[in-house]
Structure formats: C-alpha cells, structure tokens
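*Asks:* My questions all concern the structure below.
What follows draws every value from the coordinates through simple rules; no lab data is involved. Quick caveat: nothing in here was measured; it's all calculated off a predicted structure. Cβ atoms come from the backbone with ideal geometry, glycine included; neighbour counts cover every protein chain shown.
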C-alpha cells in the first residue's frame, strides 16, 4: 500500500487504491484483522431458512401465483456518526412499497451483504445504525456479516451483536430495538441459505481479514450445499468481500474467487462460474451477489420473474 510520509516518523495517510488507475489486490489494513473463530450456530444443519416461514402467507402465494419476486439488496450500510446517507436510502426503499399493488410487485425483503454496524458490530450501536433507520421498512431484513460486524473490541465476543439480532432462536423484540417494532431475525447461522420459491441465496461469512478468509467447517458446508441445492433453481451466493472491485476504497479478492471455484469443483457444479462476480440474476448458474463494498448510497432493486420450471 502507498503510504504518504513526512519527516520521520510522521505518517500522514495513504493513497487511494484507485490512484493513478491502479486497483491493487489484498491491501493490509492497520487494524486487528486476524481471523475470528465462528460462533456456534443457533439453528440446525443444513442451516436453511424458508421465506415462506417469515412473510405473510398471502404474500408468498402472490409470489407463487405471479412467479415474480422483488427484493432489495444493500451493503455497508451502517450510519456510523453521520446517518443521513443511510436514512435517505432507507426512505427511498420505503417508497418502493405500494399497498395498492400486488405483493409480488412490492419488495419481499431486504438482503444486507455485511457491515450492518460500524465499526465493531457493537450491540449498543444496533438501534442507531439498524433499527432506527429501518423503522418504517415494511419487510423482513436478512443479512450476512461483514468484517466490521466481526471485528470485535477487546472484551467483546466476535459477532455478538449480529448473532443476537439476526440469528435469534425465535423472533423476539430485543432491548436494543428500543421504540422500533422490529423483532430479531431467525437465521440459523452466520452462514446459511435463504430458500425462496424462485431462487435460493447461499450466504457466506468471509470473516475479518482483508480479502476475506473462509475456513472449515464453512468450506465443507458450502460444498455440501452446492451438492444439495437443486440445479434447476437459480442460485446466488452472497458474501461481503468482493471478488472484483473497481471502487476507490477497497480491493478485490482472489481468495474469495478461489474459495468459490474450489467449492464448485468439489461439488461437481459445472454451472457455477465465480467470474460472474457482480449482481446478476438469471439462468441456471450461480450468480455472485457482491455490492463491491457498496456504501449506503448504493442500493439495487432486484426483480426475478417468469423463471422456467
């Protein structure tokens, strides 16, 4: 990494990764970004959550009837000390809900690809950075953790806040939600699969190190999941660290590319192509859901409809 220095030992900053048209790989941050062991699951293998068990039955039936599902995708949305960008995006997503339209036209859920709470996933930050901004969001919110969700402060356990608020054993209202009516989500693990009637999303936790680090038992689970999920249903993978990135703050990750390609090879899934590392839906192949560490001003409304089978 290019560091801007003054008279020794002064250090002033660093050049942006995109400076001069370059996009380096595997930048090492000056923080405690060692690999953290995974917390125990709160659910049972194979760690599936069916959308049918979360949204109202009439909405699920409308999706089946119309063969159309709309959802939001967002990432790196924690408001930190200045929540205006996050709140503007949240209000924009609220406007996508229209009670006069069929449920298949409205977003069925929001899927967050990590960094739900900056900078260390603290429980005390969940109201300000999660519950309050999405107080008026009308759908469920699912997520995979990002590096800042797992980069715990000394004295805290990694992913404590994420597990409490996204992997609760039942949909309870937690103290950190304060005056929000939203209950905790019931994902069975920090890596898990969301089943929907039109496609499936395999969610991975790429941990804290720069570029991501996915190890056992998650690697074995991914291989078995690729074997287990039907090949005639569209499949997406959600993870926080991007395989490719051309933004001005982060780099891509050959580590994540290798993890996905190795898992596909082990599972015998020839329809899986890790090179498709942008938000892309369609066809009977794996699509990598990857917001390139998108910040709160970047949000995608995704629609899937008229899929064969």
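*Asks:* Output the antiparallel fraction of DSSP beta bridges having both residues in segment 45-305, as a percent to the nearest 5.
*Replies:* 40
*Asks:* At R0 = 25 Å, how high is the FRET efficiency between residue 261 and residue 65 if r is their beta carbon distance? Nearest 0.05 is fine.
*Replies:* The pair residue 261/residue 65 has a calculated efficiency of 0.10.
*Asks:* Along Cα→Cβ, 7 Å out, is where each label goes; now give me the distance between the ones at residue 216 and residue 100 in nm to one decimal.
*Replies:* 5.9
*Asks:* Using 0.36 nm times the number of residues separating residue 44 and residue 4, minus their current alpha carbon distance, what extension gain do you get?
*Replies:* Taking residue 44 through residue 4 to full extension adds about 9.5 nm, to one decimal.
*Asks:* Taking only the alpha-carbon atoms of segment 45-305, what semi-axes of the equivalent ellipsoid follow from 5 times the gyration tensor eigenvalues under a square root, in whole Å, largest first?
*Replies:* So the equivalent ellipsoid measures 25, 23, 17 Å along its semi-axes.
*Asks:* Grab the Cα-Cα distance for residue 52 and residue 227, subtract it from 0.36 nm times how many residues apart they are, and report the gain in nm with one decimal.
*Replies:* That works out to 60.7 nm of additional length.
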